[in-house]
Amino acid sequence: EAVKLPPVRDGEPAVIKTCDVLTGKTTPPKPYTEAGLIADMRNVAKFVDDPVLKARLKETSGIGTAATQAAIIETLKQRGFVVAKGKTLEPTELGFQVIDAIPPKLADPGVTASWEDALESIAKGSYDPVKFMRLVDAMVVARIDEVYQRQQAGARISAASPKKMSAAKSPSQPARAQGAGGAGRKFSRSGRQ
């Protein structure tokens, strides 16, 4: 029978009376198929917690449009980020490296929603496109700086090797990885999260 917990405030001390260790087994989520990835791209709102951004994403076609979603997947394949294995798509080592290198904010579907709002306002003439581009530029520069800082700490994006490099051996310019944004879920080395 479930026991209701009394209200507890953040930081309030508590005493644990019993603790049990449970043995269990987890399984990684099933890999994406192209159809499953397109469905999640269209319904990306389900991966967003903010109710305003969630509502905005429900109004749009999600990530990309019906006309571009399949092309986005083809681009991911062509750039070596994913490979088709039978009916499933699997991230490559380069794909994992790019996923690890992309700052979470850049892969957040909520960013797509806020940009959609701004673009709609620009189309209506109620928002300055120059101001919007300055904000986008500032965000991109900040994210690039984060990647540079990771590189200086030894992180590397390379199709050849996922291993860390010492700062003395790192190239002066990091590899540039371009591709479509995430669909809200993240691939991990053990599968999707």
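A few points about this structure:
- Amide H contacts of residue 33 (H built 1.01 Å from N, in plane; Pro and chain starts excluded): 89 sit under 5 Å, all sequence-distant by 5 or more or on other chains.
- Accessible surface, segment 1-125, averaged per residue in Å² (probe 1.4 Å): 71
- Compactness relative to 2.2 N^0.38 Å, alpha carbon Rg of segment 1-140: 1.46
- With one equal scatterer per alpha carbon and no solvent term, the Debye-computed log10 I(q)/I(0) for segment 1-74 at 0.17, 0.26 1/Å reads -0.81, -1.19.
- Modelled FRET efficiency - R0 45 Å, residue 135 with residue 83, Cβ distances, 0.05 increments: 0.80
- Remark: spin-label model distance residue 153-residue 27 equals 3.6 nm, labels positioned 7 Å along the Cα→Cβ axis.
- Here r is the Cβ-Cβ distance between residue 46 and residue 111 and R0 is 22 Å; the resulting FRET efficiency, rounded to 0.05, is 0.85.
- Protection proxy ranking of 31-44, 57-70, 135-148, by the mean of other Cβ atoms within 10 Å over each peptide's residues and highest first, is 31-44, 57-70, 135-148.
- Put the Cα centre of segment 15-88 next to the Cα centre of segment 119-135 and the gap is 29 Å.
The values are calculated or read from the model by the stated rules, or taken from the named source; none is laboratory data. Fair warning: this is a prediction, and the values are worked out from it, not measured in the lab. For neighbour counting, all protein chains shown are included, and Cβ atoms are generated from backbone atoms with ideal geometry for every residue, glycine included. Note: accessible area is taken over every heavy atom of the protein model, side chains too, but ligands, DNA and RNA are not part of it. Shrake-Rupley method; radii C 1.70, N 1.55, O 1.52, S 1.80 Å.
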